[in-house]
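Student: One structure, as structure tokens, below. Some questions next.
Where a number appears in this text, it was derived from the coordinates with a stated rule and is not lab data. Please read these numbers as outputs of a predicted model, since none were measured by experiment. FYI the Cβ positions are ideal-geometry reconstructions off the backbone, even for glycines, and counts take in every protein chain you see.
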Amino acid sequence: MVSPVKRCITILGATGSIGLNTLDVIRRHPDRFSVHALTASSSVESMAELCHEFRPRYAVMADETAAKALSVALSDLTSVTVLSGNDALDQVAADAAPDTVMAAIVGAAGLPPTLAAVRAGKRVLLANKEALVMSGKLFMDAVVASGAEVLPIDSEHNAIFQCMPPDRIRDTGRAGITRILLTASGGPFRTHTAEALRHVLPAEACAHPNWSMGQKISVDSATLMNKGLELIEACWLFNTTPDMIEVHVHPESIIHSMVEYADGSVLAQLGSPDMRTPIANGLAWPERIDAGVPALDLFRIGQFNFERPDLERFPCLRLAAEAFDKGGTAPAVLNAANEEAVAAFLSGKLGFADIPVIIERTLAATEVVPADSFDTIFAKDAEARTVAREQILGLAV
Ligand code: NAD
Ligand code: MG
């Protein structure tokens with residue numbers, strides 16, 4: 001039997017939900033994958049455990065104090081070099097050794113190392129949607145310039161990718177595609193009234209009915225901002241526009257998205273709501289490997305339901321579409337305001353229903369300029385955060 005090509009991987013955000021799911025798939029295939037670097041923000045204990053199991057060449061903590069503690073915890077492992085800081089994140093993303101980089105840091109902090117991997121021409125498994133939302137065209141131009149291969153890990157985008165002609169994913173106009181049907185679970189508050197939404201608590205927002213995810217994306221799913229970010233993500237990944245994309249709320253989360261063709265065919269990708277499926281798809285592409293995901297039991301699921309999203313109760317989806325239409329730095333401002341509002345909600349300083357209020361006010365108060373460089377994007381991100389924090393103080397609970 002011919003042994004498979006061995007891939008060498010850097011995982012940005014190894015201790016998070018996507019990072020741990022990635023390592024779970026890798027654990028099942030020691031013949032296929034080796035780990036070059038693992039990175040995290042500050043969770044020393046989790047990182048030390050992972051380093052003992054996966055023996056990376058580098059372990060990077062964004063936080064310097066955490067890196068010192070990790071060095072102590074790994075004093076018995078001389079093969080692992082511990083590094084700290086943002087430059088080290090960029091370094092292990094762009095090193096010559098790894099051919100694949102899993103971009104799974106949450107939020108804007110993920111943009112610089114993800115971009116470093118893109119510029120180094122890696123296969124980039126893109127979970128960190130905020131990076132693409134912030135910098136859209138600049139990011140995709142960098143992909144084209146370096147010849148990097150970006151494979152979508154977000155379950156919906158991975159589904160769309162699987163339903164497209166493999167060599168035509170940036171060519172939606174000519175591939176006979178008429179619509180993308182982007183599915184959404186609707187989140188934990190799908191049936192809440194506007195009044196009930198005013199009183200939801202962080203723990204309720206983080207308890208997603210179908211998916212187990214990090215806190216930030218869980219809140220984004222509850223406000224439908226996640227679908228808004230994904231709408232923008234899909235436009236950039238598949239070279240299309242929001243009018244070609246229709247969000248379908250599908251509470252069972254079994255169909256992960258669909259692509260409609262001119263002849264009336266609609267191709268769908270189905271699976272249990274388990275991120276190991278899209279992760280394994282990206283890790284092994286174009287091959288298929290076991291992801292540890294139980295077989296789908298359609299008899300048990302019984303039926304699929306679909307609804308239109310309610311933009312009155314969940315205005316974040318509308319705000320995201322408007323920011324994309326506005327263009328320039330508007331999506332970066334949207335993302336920054338959302339990150340600040342979600343952090344304030346999670347720490348009990350802002351009501352759930354005020355998240356879209358903060359985003360709308362921040363967008364209105366921040367001038368849109370052409371997104372002509374990454375420096376412009378980072379400057380707008382910082383400016384929007386200052387505006388959003390002031391607005392949050394004004395509405396604090
Ligand atoms: P998470 O909060 O569980 O994990 C985030 C990871 O990033 C952790 O390893 C953390 O240490 C690291 N990190 C956080 N801040 C950092 C910083 N400032 N510098 C360096 N590292 C930092 O998040 P998650 O749920 O795994 O999501 C990660 C990304 O994947 C997000 O962009 C999210 O939108 C996307 N995504 C997640 C899922 C999911 O099921 N969890 C699905 C689709 C897309
Ligand atoms: Mg998704």
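Student: If we count every other residue with Cβ under 15 angstrom of Asp167's Cβ, Lys/Arg +1 and Asp/Glu -1, where does the sum land? All intermediate terms of the calculation are to be shown ahead of the outcome.
Tutor: On the way: positive: Arg168, Arg170, Arg174; negative: Glu149, Asp171.
Net charge in that neighbourhood comes out at +1.
Student: Turning to a different aspect of this structure: I'm a student and want to see the number: the projected area of the Cα convex hull of the range 7-153, averaged over all directions, in nm². Show your work: numbers first, answer last.
Tutor: Details: hull surface 30.7 nm².
The Cα convex hull of the range 7-153, projected and averaged over all directions, gives 7.7 nm².
Student: Quick query: amide H of Val200 versus all other amide H atoms, modeled in the peptide plane; which residues come in under 5 Å with a sequence gap of 5 or more or a different chain?
Tutor: Phe352
Student: Which value in nm describes the separation of the simple spin-label points at Ser212 and Asp31, placed 7 Å from the Cα toward the beta carbon?
Tutor: With each label placed 7 Å out from Cα toward Cβ, I get 2.9 nm.
Student: Quick one: check the C-alpha center-to-center distance for the range 107-158 versus the range 8-50, whole angstrom.
Tutor: Here the two parts' Cα centres lie 19 Å apart.
Student: Next question, about the same structure. Along each principal axis of its Cα atoms, how long is the range 188-234 end to end? Whole angstroms, biggest number first, please.
Tutor: 31, 21, 15
Student: Of all DSSP beta bridges located in the chain, what percent are antiparallel, nearest 5?
Tutor: 25
Student: Could you give each residue of the range 256-263 its phi-based ³J(HN,Hα) in whole Hz, using Karplus coefficients 6.51, -1.76, 1.60 with θ = phi - 60°, and x for Gly or Pro?
Tutor: 8, 2, 9, 10, 9, 10, 4, 7
Student: Please work out how many pairs of lysine residues in the chain are eight or more positions apart (or on different chains) and have Cα atoms closer than 17 angstrom.
Tutor: Count of close lysine pairs: 9.
Student: State the answer as a single residue: which of Pro113, Ala268, Leu138 lies farthest towards the positive end of the charge dipole of the chain, with beta carbon charges of +1 for Lys and Arg and -1 for Asp and Glu, about the Cα centre.
Tutor: Ala268
Student: So, one more: Non-local amide H neighbours of Ser34 (under 5 Å, H modeled in plane, Pro and chain starts lacking H): which ones?
Tutor: So Ser34 has HN proximity to Arg7, Cys8, Ile9.
Student: List the equivalent ellipsoid semi-axes of the range 94-148 in whole Å, largest first, each obtained as the square root of 5λ for an eigenvalue λ of the Cα gyration tensor.
Tutor: 16, 13, 8
Student: Can you tell me what percent of all Cα-Cα pairs in the chain are more than 31 Å apart?
Tutor: Numbers: 28179 of 78606 pairs.
Roughly 36 percent, rounded to a whole number.
Student: Also: Per residue of the range 170-181, what does 6.51 cos²θ - 1.76 cosθ + 1.60 with θ = phi - 60° give for ³J(HN,Hα)? Whole Hz please, x for Gly and Pro, Karplus curve as stated.
Tutor: With the stated coefficients, the range 170-181 comes to 9, 10, 4, x, 9, 8, x, 7, 9, 7, 10, 9 Hz.
Student: Another question about this same structure. Below 8 Å, C-alpha to C-alpha, sequence gap of six or more: please give me the relative contact order for the chain in percent. Please report the intermediate quantities before stating the final value.
Tutor: Values: 745 pairs, mean separation 56.9, N = 397.
Contact order relative to length: 14 percent.
Student: Evaluate the charge dipole of the range 7-153 about its Cα centre and quote only its size in Debye, nearest 20, assuming +1 on the Cβ of each Lys and Arg and -1 on the Cβ of each Asp and Glu.
Tutor: In total the dipole reaches around 400 debye.
Student: What list of ³J(HN,Hα) values in whole Hz, one per residue of the range 284-292 in order, does the Karplus curve 6.51 cos²θ - 1.76 cosθ + 1.60 (θ = phi - 60°) give from phi, with Gly and Pro shown as x?
Tutor: With coefficients 6.51, -1.76 and 1.60, one gets 9, 2, x, 8, 10, 10, 5, 10, x Hz.
Student: Listing Glu339, Glu49, Glu322 from the residue with the fewest other Cβ atoms within 10 Å to the one with the most, what is the order?
Tutor: Numbers: Glu339 22, Glu49 13, Glu322 16.
Fewest to most other Cβ atoms nearby, the residues stand as Glu49, Glu322, Glu339.
Student: Right, another one. Considering only His36, His199, His157, give the residue with the highest GNM mean-square fluctuation for the chain, with springs between Cα atoms whenever their separation is below 10 Å.
Tutor: Largest GNM mean-square fluctuation: His199.
Student: Counting only residues 5 or more places away or on other chains, whose amide H sits under 5 Å from the amide H of His248 once H atoms are built in the peptide plane?
Tutor: The list, which skips near neighbours in sequence, is Leu182, Thr183, Ala184.
Student: Hey, another quick one. Taking the inverse of the average 1/r across all pairs of different Cα atoms in the range 327-397, what Kirkwood radius in Å do you get?
Tutor: 11.8
Student: Under a GNM of the chain (C-alpha, springs under 10 Å), which listed residue has the highest mean-square fluctuation: Pro166, Pro331, Pro315?
Tutor: Of Pro166, Pro331, Pro315, the most mobile in the Gaussian network model is Pro166.
Student: Tell me, Glu230, Glu383, Glu367 in order of fewest to most beta-carbon neighbours within 10 Å?
Tutor: Fewest-to-most Cβ neighbours within 10 Å comes out as Glu367, Glu383, Glu230.
Student: Here is a further query. Note down the relative contact order for the range 48-114 as a percent, whole number, built from C-alpha pairs under 8 angstrom at least six residues apart. Spell out each step's value before the answer.
Tutor: Details: 62 pairs, mean separation 20.8, N = 67.
That works out to 31 percent.
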